[in-house]
2 protein chains.
Amino acid sequence: MEDHTATADLDLAIRQNRTTNATVTLSQNGAPLAHRDIQVEQKKHQFLFGTTWGESTIALANGELSGKEKEQAELRNERFVQLFNQVTLPFYWARYEPQRGQPQAQRILNTARWYLDHNCVVKGHPLCWHTLTADWLLGLSNREILQAQVRRIQRDVSDFADVIDMWDVVNEAVIMPIFDRYDNGITRLCKEMGRIELIRTMFDTVRSVNPDAVLLLNDFDVSPAYDILVEGCLEAGIKIDVIGIQTHMHQGYWGVERTLSVLERFERFNLPIHFTENTIVSGHLMPPEIVDLNDYQVDDWPSTPEGEERQAREVVLHYKTLLSHPAVQGITWWDLSDGGWLNAPAGLLRKDQSCKPAYEELLKLVKGEWWLAPTKMTTDAKGRFSITGFLGDYEVSLESQKSLFSLKEKGEARLSIDFHP
Amino acid sequence: MEDHTATADLDLAIRQNRTTNATVTLSQNGAPLAHRDIQVEQKKHQFLFGTTWGESTIALANGELSGKEKEQAELRNERFVQLFNQVTLPFYWARYEPQRGQPQAQRILNTARWYLDHNCVVKGHPLCWHTLTADWLLGLSNREILQAQVRRIQRDVSDFADVIDMWDVVNEAVIMPIFDRYDNGITRLCKEMGRIELIRTMFDTVRSVNPDAVLLLNDFDVSPAYDILVEGCLEAGIKIDVIGIQTHMHQGYWGVERTLSVLERFERFNLPIHFTENTIVSGHLMPPEIVDLNDYQVDDWPSTPEGEERQAREVVLHYKTLLSHPAVQGITWWDLSDGGWLNAPAGLLRKDQSCKPAYEELLKLVKGEWWLAPTKMTTDAKGRFSITGFLGDYEVSLESQKSLFSLKEKGEARLSIDFHP
């Protein structure tokens, strides 16, 4: 009963924060199109529903697959396009430029273009991170590391300026200078520069190359350390466009209350928030005593029927909780299919790309309850029709004529569309 | 064996960081005092060895005690003067000004003067804190709370300008805006202002009234949240004079390694560090599951012989660890006598003011191993004598003539003193 009430509260908040009551007046060459049969349908969500690249998609986009592998990759892409409008692509330095001076730009560029052709927002992840940074930094002085890091950003942001306008600029800065699992160039650099000065340098560098890009600070640490770091950056005059928050709930779903309490600590900055890396497993939970998730290495981590049911319930609640809060503008699911990071059953699809209940339930929301399917209507005497729709792009059809319009702000909207041949 | 080695390392580092090899040339009216018998003795440590007020000392300084109580308070004061050169006095707003407009300044002022007469550095604690703040703030708007807080600082810092030049300005800012145990005016204010802007306002206010005061930010949270907050404040241009770190080891001594790792995270700011609130109990440890120490309420928490031995060993190691690090400039023991905060046996003295082993061992260091007792020497042919001494104030006597000199910097020093009638 309580859960039901809570969900109803979330649903109401989602309606309040995400939809507009729009009255659209149709005319033809200025004359109202009264009492006409039309069809209206949503084409795109303003909210970013995203996921990650998938190695198979990169291979597919580069023409490297055939046979069964190709079919599987195509099936994954179909599932992707059906549900998502944002993708996060990998720029881990260790893999992107394993040999200094030989960046693997082309494969990622081809992949980014495929996503762009499918009307997606493409985000690059990450430009500066201590994990998976280039090993060859270890042979450099801190001054040279800084120079290499800045040049890497200049080069990659410039190479992708046509296709990527959103970047996770600095990743996991809270632990960056105290990370002690292994020596690496970026921890060394951050220890010397301090977190804020490092963040300032990296943000300034991206901004100087692509002034229109949306720049994120991203972290898994949601303790006060992170919101104090954000406050410190803002007080120091660094322009952060979006606060990125990871969840990675391999050890269990946070629940509505914790999620809202995290949001409460970050909403005060009046900045958009993206939930950049979300996972809920459909198998057994990772033991609670694991501190660094990377320490949990298993050969087999099966997805189970009960786990999939639980995952579906939790995914729905997670998305509803986040959409209920006006600051959240995007959610990126980490690994669309099973078998990705940590070999965890965190996908919305199984390894064979079949849909788990979580995928189906999410689809029911994103392209069902939160979506306007093609709907036949008739305009009134003044040529008007009304819809209540989620923010995004819409199309209205009058016989063979079509016109696009957007709902950009929640609340009320009045729009006019004139058809002219 | 390993412990022994570690302690030897600490002792060596203490010598390197805390002592000076000084050559002092004595003359009389410009002529070298060659081959003369003199006596040299240390009068004061530069390092701040401090503790807290003690209610009985406040009562004694205000002539409120008689009989046995007076004797006990006097005994406590004797023990204090023997070991310490710094005191922290209470300015908890709830107690200092329980009725708005009626501050209890006089009792604290009389107490501060007693400590000043005994050659102590007096610190006020704290000027802005959510705990023990004035209840009557709850009836005010946030704007009025801010005004009251600023005026409280202006008034109190001004009232004590002659006797207190060191303040814990903001206490426990890391949890200040998220403290949820009970509603209070300062948490409300910090939630609205943000931590950094609140700290800036309070520091600016103290500085405007007493520009020469030494101002501390103080916290018990030694997670990255605190060093990120310090970094944020410094990047925002706030002048923090000293970083204050609490330890309150009711659940067990940190140990050398943890203490040094905390120092490692704060030393990068190149600011002095005070360990402002230190406790190690000489009874059973508080259970580890307690998060807020204030939740542990016991009627009786006895000091035990075994506990006192353990406390003595740990106190010695704690002080040696802190003195081995050049950034640390002061250590304040929290509650000289048992029965203070939480009724814990955290004192160096028992309730009857008798000395625990920890007091005796600390005295052996502070006024023994780290101290130059009155020492007879003879000047050389050029009127010179040499000492290796801990930084601080010294007195040299030649028959009935006496002169003071100070060792201010570690390393090497050459000084000249001319006696003239």
Cross-link table B:K320/B:K382; A:K68/A:K364; A:K364/A:K410, entries beyond 32 Å C-alpha to C-alpha: B:K320/B:K382
Spelling out what I want: for every residue of region B:172-185, take phi, set θ = phi - 60°, compute 6.51 cos²θ - 1.76 cosθ + 1.60 (Karplus), and round to whole Hz; glycine and proline get x. 6, 5, 4, 8, 3, x, 10, 4, 10, 6, 7, 5, 7, x
Between A:T88 and residues 5 or more places away or on another chain, the pairs with built amide H atoms under 5 Å apart involve A:T51, A:T52, A:W53, A:K123
Sparse-neighbour loop sites [GluC sites (Glu not before Pro); region B:220-317; at most 16 other C-beta within 10 Å; DSSP]: B:E289
Kindly write out, for region A:84-95 in residue order, the coupling ³J(HN,Hα) from the Karplus curve 6.51 cos²θ - 1.76 cosθ + 1.60 (θ = phi - 60°), rounded to whole Hz, with x marking Gly and Pro. 10, 10, 8, 9, 10, 10, x, 10, 4, 4, 4, 9
When Cβ neighbours within 10 Å are restricted to other protein chains, what is their mean count per residue of peptide B:231-240? 5
Compute the relative contact order of chain B as a whole-number percentage, counting only Cα pairs closer than 8 Å that sit 6 or more residues apart in sequence. 29 percent
May I ask you to report, in nm to one decimal and beginning with the shortest, the distances from B:R143 to the same position in the other copies, taking label points 7 Å along Cα-to-Cβ? 5.3
Over region B:66-199 - Rg/Rh using Cα atoms and the Kirkwood inverse-distance radius: 1.04
Which ³J(HN,Hα) values in Hz, rounded to whole numbers, follow from the phi angles of region B:230-241 under the Karplus curve 6.51 cos²θ - 1.76 cosθ + 1.60, where θ = phi - 60° and Gly and Pro get x? 4, 4, x, 4, 5, 5, 7, x, 7, 8, 9, 7
Evaluate 2.2 N^0.38 Å with N set to the residue count of region A:178-239, then give the Cα radius of gyration divided by it. 1.20
The answer for A:K43, listing residues at least 5 apart or on another chain whose modeled amide H is closer than 5 Å to its amide H, is A:D393, A:Y394, A:E395
Which lysines, if any, have their Cα less than 19 Å from the Cα of B:K376, not counting same-chain residues under 8 positions apart? B:K43, B:K44, B:K367, B:K402
Identify all aspartates and glutamates with a Cα-Cα distance to A:K70 below 18 Å; exclude those on the same chain that are fewer than 8 residues away in sequence. A:E55, A:E78, A:D338, A:D352
The protein assembly as shown: translational diffusion in µm²/s, Stokes-Einstein, Kirkwood Rh over Cα pairs, 37 °C, 0.692 mPa s: 104 µm²/s
For region B:258-380, what does the alpha-carbon gyration tensor say about shape, rounded, prolate or oblate, given a ≥ b ≥ c as the root eigenvalues, a/c under 1.5 as rounded, and a/b over b/c as prolate? oblate
Enter the Cα centre distance for the pair region A:336-407 and region A:131-197, rounded to the nearest angstrom. 38 Å
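Quick one: Kirkwood hydrodynamic radius for region B:342-421, alpha-carbon pairs, angstrom, one decimal?
Roughly 15.9 Å, rounded to one decimal.
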Using DSSP to define loop residues, name the trypsin sites (Lys or Arg not before Pro) in region A:74-104 whose beta-carbon has at most 16 other beta-carbon atoms within 10 Å. A:R100
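Peptide A:193-202: average number of partner chain Cβ atoms within 10 Å per residue?
Values: counts 1, 7, 6, 6, 2, 0, 0, 1, 0, 0.
The shielding value for this peptide is 2.
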Order of B:H250, B:H118 from fewest to most other C-beta atoms within 10 Å? B:H118, B:H250
Quote the charge dipole size of region B:32-148 about the Cα centre in Debye, to the nearest 20; the model charges only the Cβ of Lys and Arg (+1) and of Asp and Glu (-1). 220 debye
In region A:183-241, trypsin sites (Lys or Arg not before Pro) in a DSSP loop with at most 16 other beta-carbon atoms within 10 Å: A:K239
Within 10 Å of each Cβ in A:171-177, the average number of Cβ atoms from other chains: 2
Identify, for chain B, the residue whose C-beta comes nearest the rotation axis onto chain A, and round that distance to whole Å. B:G232, 1
List the distances, in nm and shortest first, from the label point of B:E192 to the matching label points in every other copy, placing each point 7 Å from Cα along the Cα-to-Cβ direction. 4.5
Output for region B:58-111 (equivalent-ellipsoid semi-axes, sqrt of 5λ from the C-alpha gyration tensor, Å, descending) is 25, 15, 8
With a ≥ b ≥ c the root eigenvalues of the C-alpha gyration tensor of chain B, is it rounded (a/c under 1.5), prolate (a/b larger than b/c) or oblate? prolate
How far is A:A13 from itself in the other copies, in nm, if each label sits 7 Å out from Cα along the Cα-Cβ line, shortest first? 4.8
Taking the Cα centre of region A:308-357 as the origin and placing charges on Cβ (Lys, Arg +1; Asp, Glu -1), which of A:G340, A:Q311, A:V328 is farthest toward the positive end of the dipole? A:V328
Rounded Å value of the spacing that divides the Cα centres of region B:21-84 and region A:273-318: 63 Å
Which value results when the Cα radius of gyration for region B:103-170 is divided by 2.2 N^0.38 Å? 1.23
Could you order the peptides B:360-371, B:64-75, A:168-179, B:334-345 from most to least packed, using the average number of other C-beta atoms within 10 Å per residue? A:168-179, B:334-345, B:360-371, B:64-75
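No lab work stands behind these numbers, since they all come straight from the coordinates. What you are looking at is a predicted structure, and each value in this text was computed from that prediction instead of being measured. Don't worry about glycine lacking a Cβ; one is built from the backbone with ideal geometry, like all the others, and counts go over all protein chains shown.
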